[in-house]
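The values are calculated or read from the model by the stated rules, or taken from the named source; none is laboratory data. Since we're looking at a predicted model, the values are computed, not measured. Reconstructed Cβ throughout: ideal geometry from the backbone, glycine too, with neighbour counts over all protein chains shown. When the accessible area is computed, the model is the full protein with side chains, heavy atoms only, and any ligands, DNA or RNA have been set aside. Shrake-Rupley method; radii C 1.70, N 1.55, O 1.52, S 1.80 Å.
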2 protein chains.
Amino acid sequence: MTDGIDVDFGDDGLVPAVAQDADSGEVLMLAYVSPAALEATLETGVAHYYSRSRDELWQKGKTSGHTQSIHEVRVDCDADTLLYLVDQEGGACHTGHRSCFYRTVDGEHVGERVFDPEAVYE
Amino acid sequence: MTDGIDVDFGDDGLVPAVAQDADSGEVLMLAYVSPAALEATLETGVAHYYSRSRDELWQKGKTSGHTQSIHEVRVDCDADTLLYLVDQEGGACHTGHRSCFYRTVDGEHVGERVFDPEAVYE
């Protein structure tokens with residue numbers, strides 16, 4: 001990444017990354033990315049994140065098979081947020097929805113359920 | 001919001017909010033939202049955020065005129081991230097681009113410039 005953007009990982013060493021379906025434009029999820037997660041994403045072409053609760057690097061879909069192939073990684077103006085444009089296998093959400101944003105703030109269910117989480121996570 | 005989702009604002013009292021163009025699906029920006037910013041957004045129908053650098057509630061476009069009319073506010077599965085579906089007036093980015101994500105991580109310029117920031121911010 002000689003000519004690449006110098007991502008500002010800040011005090012906690014993490015930046016938020018928005019995953020968006022490269023075809024449909026649907027916003028799928030938001031997760032956090034460490035320098036090592038970004039490096040793994042760019043090297044493998046598959047989305048990696050950093051789990052703050054488990055405190056570890058994490059390849060999306062490693063357990064469920066619901067991987068995200070990377071089309072492009074974008075950086076925002078302040079270089080402190082990433083946008084992953086991806087091909088999502090199955091669904092992005094552990095609840096079985098295509099997108100984690102399957103509810104309005106008013107509690108209305110607007111998202112599509114694409115798999116049964118009990119069948120995927122044992 | 002009697003039947004609404006209880007947003008988890010966490011230790012710092014803020015959640016990240018992704019703003020997405022309701023028509024085109026373009027991801028425009030990411031900013032942070034406090035409980036008061038969310039309340040102002042829902043009450044006025046115009047996107048509000050919380051500026052961490054200026055430490056204040058902030059109505060997007062108040063200076064520039066590049067406001068965001070709210071179509072819908074969504075919440076993710078963990079209720080700790082918001083998605084604002086908006087009608088963006090002008091451009092979302094202070095650099096004059098439609099979206100803050102106008103560069104790839106490799107430094108390629110991929111976004112559309114829609115206004116001259118020097119003419120807007122004096």
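Considering chain B as a Gaussian network with a 10 Å cut-off on Cα pairs, which listed residue, B:44, B:67, B:104, attains the greatest mean-square fluctuation?
Answer for the Gaussian network model of chain B: B:104.
Hey, if you drop one equal point scatterer on each alpha-carbon of chain B and run the Debye formula without solvent, what base-10 log of I(q)/I(0) do you get at q = 0.13 Å⁻¹?
Here the Debye-derived log intensity ratios amount to -0.52.
Can you give the accessible area buried between chains A and B, summed over both chains, with a 1.4 Å probe, in Å² to the nearest 100?
Numbers: alone 7440 and 7440 Å², together 11910 Å².
Adding both sides of the contact gives about 3000 Å².
In nm², what is the average projected area of the convex hull enclosing the Cα atoms of segment B:1-46? Each step should come with its number before you reach the end.
Numbers: hull surface 15.8 nm².
So the mean shadow area of the Cα hull is 4.0 nm².
So in the protein assembly as shown, what percent of DSSP beta bridges are antiparallel if you round to the nearest 5? Please report the intermediate quantities before stating the final value.
On the way: 44 of 54 bridges.
Just about 80 percent of them are antiparallel.
Less than 15 Å Cβ to Cβ from residue A:93, Lys/Arg counted +1 and Asp/Glu -1: what total charge do the surrounding residues give? Please report the intermediate quantities before stating the final value.
On the way: positive: A:60, A:98, A:103, A:113, B:74; negative: A:21, A:26, A:89, A:112, A:116, A:118, B:76, B:78, B:80.
Within the 15 Å Cβ shell, the charges total -4.
State the percentage of accessible surface on segment B:15-92 attributable to carbon and sulfur atoms; use a 1.4 Å probe and exclude ligands, DNA and RNA.
Accessible surface attributable to carbon and sulfur in segment B:15-92 totals 41 percent.
Quick one: among B:68, B:88, B:59, which has the greatest mean-square fluctuation in a GNM of chain B with alpha-carbon springs under 10 angstrom?
Of B:68, B:88, B:59, the Gaussian network model singles out B:59 as fluctuating most.
Tell me whether the protein assembly as shown comes out rounded, prolate or oblate; compute the Cα gyration tensor, take square roots of the eigenvalues as a ≥ b ≥ c, and use a/c under 1.5 as the rounded threshold. List each step's numbers first, then the result.
Values: a/c = 1.62, a/b = 1.16, b/c = 1.39.
Since a/c reaches 1.5 but b/c is at least a/b, the shape of the protein assembly as shown is classed as oblate.
Please report the antiparallel percentage of DSSP beta bridges with both residues in chain B, rounded to the nearest 5.
On the way: 20 of 25 bridges.
Of all bridge pairs located within chain B, approximately 80 percent are antiparallel.
Can you give me the relative contact order of chain B as a percent, contacts being Cα pairs under 8 Å and 6 or more apart? Working shown, then result.
Values: 243 pairs, mean separation 27.3, N = 122.
Relative contact order comes out at 22 percent.
Leaving out ligands and nucleic acids, note down the accessible area per residue over segment B:15-92 with a 1.4 angstrom probe, in whole Å². Spell out each step's value before the answer.
Details: 3120 Å² over 78 residues.
Spelled out: the 1.4 Å probe surface of segment B:15-92, per residue, equals 40 Å².
Any chance you could give the angle, 0 to 90 degrees and rounded to 10, that helix B:35-44 forms with the longest Cα principal axis of chain B?
The two axes meet at around 70 degrees.
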